[in-house]
Amino acid sequence: MAVVGRSLPAPLELSGRWSAVFEEAGLRPRILELADRFPEERSLEVPFSQIEGADTALGDLLLERPEDVLLSGAGAMRELIPVAGPETAGLRLRVTGLPSTAHRLIRMIREADLNRFVALDGIVRKATEVRPQIKEAVFACLACGTQIREIQEDGSLVFREPIECPTAQGGCGKPASRTRFRLLPERSTYIDSQRIEIQENPEALKGGAHPQGLTVLLTEDLTGKVIPGNRIVVNGTLKSLQRASQVKGGFVRSTTFDLMVLGNSLEYQQREYDEIAISEEEERVILSFRGDPTIVDKVVLSLAPTIKGLEEEKEAIALQLFGGVEKKHPDGIRVRGDIHVLLVGDPGTAKSQLLRNVADVAPRGIYTSGKGATAAGLTAAAVKDDFGGGRWMLEAGMLVLSDGGIAVVDELDKMSPDDRSAMHEALEQQTVSIAKAGITATLNARCPVLAAANPKWGRFTADRTIAEQIDLPPTLLSRFDVIYSIQDHPEEERDRFLASRILLSHQEGEARAASQGFAPTVASGGAPFSPDLLKKYIAYARRNIRPVLSKDALSTLEEFYVRVRKQGEEPNSPVPITARQLEALVRLSEAAARARLSPVVSSEDADRATRIVEGYLRRVSSVEGKLDIDVVSTGVSHSQRERVEVLMDIMRELQDAKGGTFSLDELKAEGERRGVPPHRTDALIHSLRNQGEVMEKRPGQWQLVRF
């Protein structure tokens, strides 16, 4: 049963106590200013701590009987205004900063919380349009013409109509069965209203639990201020609404009730990771690592310690968790600070386990698999359901809900091309634009993306370049700052090391299952950070550290960029890197400094960034010993373009000399004489055939489709 609250003092006593609180807090000038600025401003925000500090009993009463106490507070505001005009009836009292005892997890709400003042943390998942809601309906009795006022209940979905023509309002007293009532819309009173649905924060979920949501009714000046993806704290009164189902002949009411919060105030998270509480002792432990030159290595050791190998990949992911610094230029251009990482690897290289661990360790991590993701589920969707009263509204997807966190996408190659293309804008501009069903909106998706995929033919092969085997469009690949190819090559020494560590981890797991008391073995890796401490360390660094590039770091990055670009100055040489990689270098350098809790990016941080970028470029975009960024940005290497041009010239010459067709053997022989290996000719012919450039006119005879 619900706990019965304490009895409510007399209205005059409550009003007097509120007046004393306003006076002690020095709020009288603010109330007078509100009266002058009405209706542009109409709400007085009062921190709960001020109420409790001035009158503890009033604070307790506010949490137990919020509707009556807030109504008295608004009345006390009006009494402080010397000349109270009709506009003062619209002044509202809004309370913020509720104590921890009033904060509730959505899934932990129980019947004891009904009709109490509660605070709920969550992400806005849905939001309806702002529409007028009738507050006081005016009806005309058709029998006597009397106008009747009927006040509507806040939050109720049922329109209340008169059951009789009341004599108290000058009516004839006839019941609804003997007369009819006509609504007078022009004489009725309305307020702005909006319904939103908030969903539990992903980091608060454990064990893969499905996030629960709750409907919130916002009215008057609270409307139109939030969009899907916003992280907010809703303070309001928890109400219940009886369920009803329509059957033939009427409605059947259920004994089960739905929940709704009547919003009183909204609080927005101004800083990143505000919801992660860090105690003073934990802060001292975190600060003890400041200046430690090996801190990035310690973080690497703490990421999935049972997964051995992948140190280079873990280092890039570690820097991704800390991230660079977002910049906003005076001309309105925004440069992202988030780092996107892509892992493309052979089966059995522990990519999925690593991604799962990162999603758990990251302060705000959301995991999904490409097999079960659609474009609407990743970005946003326009939906029509009962929540919005049958109107179209926006529903946030994974990337929008990850705003301010990290989005982890496994099996990226298994997504359909249409769904995958929805990620382009979110990766670079970090926004999601919607133009559906008459709704045009832009939602924020400011989050790094960690993705994993398999090679095109299931496993990397030696006869083709790595870039040719990554089955992702170049437009998507070019938006990742770091791309790693993970190949599984048999190597006795490495295999023996991995086998011993894997077997030891199994032995440790067996010991844990057999007994709760066991000594960690070498398989644990001796992780310097526990998952909880690492999560708080990352949150603290991202919340408090904004590193700035030093002159030495600028010089290091500039020298590296110019040195690598110089390789492209030779005749017929490919372009090794572009300015996009330079921006990735800056982000990685800033992340390395942030990991050290340093406000300045040193040359050592820049050296680490250049090593990571050069390492991944050697793996992915190296063609015949030379860096060629076109492999990633366009999907075709410089040498491949040259070979295509040579082969096209040969095919034209052969067609002219052989009566319109040519054989593959003739093409290979002439191509080899001009420097194109036969296996490259086979691959290029196959590619040109898929593109519709060549066709096999008859067995063994080929022809160019266009001259």
Quiz item: Please report, for the Cα atoms of the chain, the Rg to one decimal and the Dmax as a whole number; what are they, in angstrom?
Solution: 33.0, 108
Self-check item: Least to most buried among HIS329, HIS686 (fewest other Cβ within 10 Å first)
Solution: HIS329, HIS686
Quiz prompt | From phi via Karplus (6.51, -1.76, 1.60), per-residue ³J(HN,Hα) for region 284-295 in Hz, x at Gly/Pro | solution = 5, 5, 4, 5, 5, 8, 4, x, 6, x, 9, 5
Quiz item: Fewest first, what order do GLU653, GLU64 take by the number of other Cβ atoms within 10 Å?
Solution: GLU653, GLU64
Practice problem: Sort 353-364, 492-503 for me by packing, meaning the mean count of neighbouring Cβ atoms within 10 Å per residue, highest on top. | Solution: 353-364, 492-503
Exercise. Among the chymotrypsin sites (Phe, Trp or Tyr not before Pro) in region 117-176, which ones are in a DSSP loop with at most 15 other Cβ atoms within 10 Å of the Cβ? Mind listing them?
Key: PHE159
Self-check item: region 264-339: Cα Rg divided by the 2.2 N^0.38 Å rule of thumb
Solution: 1.49
Quiz item: Per the Kirkwood treatment, what hydrodynamic radius in Å, one decimal, follows for region 638-704 from the mean inverse distance over all distinct Cα pairs?
Solution: 11.7 Å
Practice problem: Can you tell me the 0 to 90 degree angle between the C-alpha axis of helix 603-620 and the longest principal axis of the chain, rounded to 10? | Solution: 60 degrees
Quiz item: Per residue, how much space in cubic angstrom lies within the convex hull of the C-alpha atoms of region 308-458?
Solution: 132 Å³
Quiz item: Which lysines, on any chain, are close to LYS384 with Cα under 22 Å apart, when same-chain ones fewer than 8 places away are left out?
Solution: LYS126, LYS225, LYS436
Practice problem: Calculate for the chain the 222 nm mean residue ellipticity that helices alone would give, adding -39,500 (n - 2.57) per DSSP H run of length 4 or more and normalising by residue count, nearest 500 deg cm²/dmol. | Solution: -11000 deg cm²/dmol
Self-check item: Convex hull of region 106-268 built on C-alpha atoms - directionally averaged projected area, nm²
Solution: 12.6 nm²
Exercise. DSSP loop (so not H, G, I, E, B), at most 16 other Cβ within 10 Å: list which GluC sites (Glu not before Pro) in region 76-153 pass both filters.
Key: GLU129, GLU153
Quiz prompt | Calculated over region 11-96: convex hull of Cα atoms, volume per residue (Å³) | solution = 84 Å³
Quiz item: How big is the Cα convex hull of region 71-172 in projection, averaged over all directions, in nm²?
Solution: 11.0 nm²
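Give me LEU266, LEU450 ranked fewest to most by other Cβ atoms within 10 Å of their Cβ, as a rough exposure proxy.
Working: LEU266 20, LEU450 28.
By the 10 Å Cβ count, ascending, the order reads LEU266, LEU450.
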Self-check item: Spatially proximal aspartates and glutamates relative to LYS414 (Cα-Cα < 16 Å; intrachain offsets below 8 disregarded)
Solution: ASP346, ASP471
Self-check item: Geometric extent, Cα atoms of region 316-367 - Rg, Dmax (angstrom)
Solution: 14.5, 48
Quiz prompt | Cysteines without a disulfide-compatible neighbour (Cβ-Cβ under 4.7 Å), the chain | solution = CYS447
Quiz item: To the nearest 10 degrees, how steeply does helix 351-361 sit against the main Cα axis of the chain, on a 0 to 90 scale?
Solution: 30 degrees
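Read-outs throughout are calculated quantities, based only on the coordinates presented, and are distinct from any laboratory measurement. These numbers were taken from a predicted model, which means no experiment stands behind them. Every residue, glycine among them, receives a Cβ derived from its backbone with ideal geometry; neighbour counts consider all protein chains shown.
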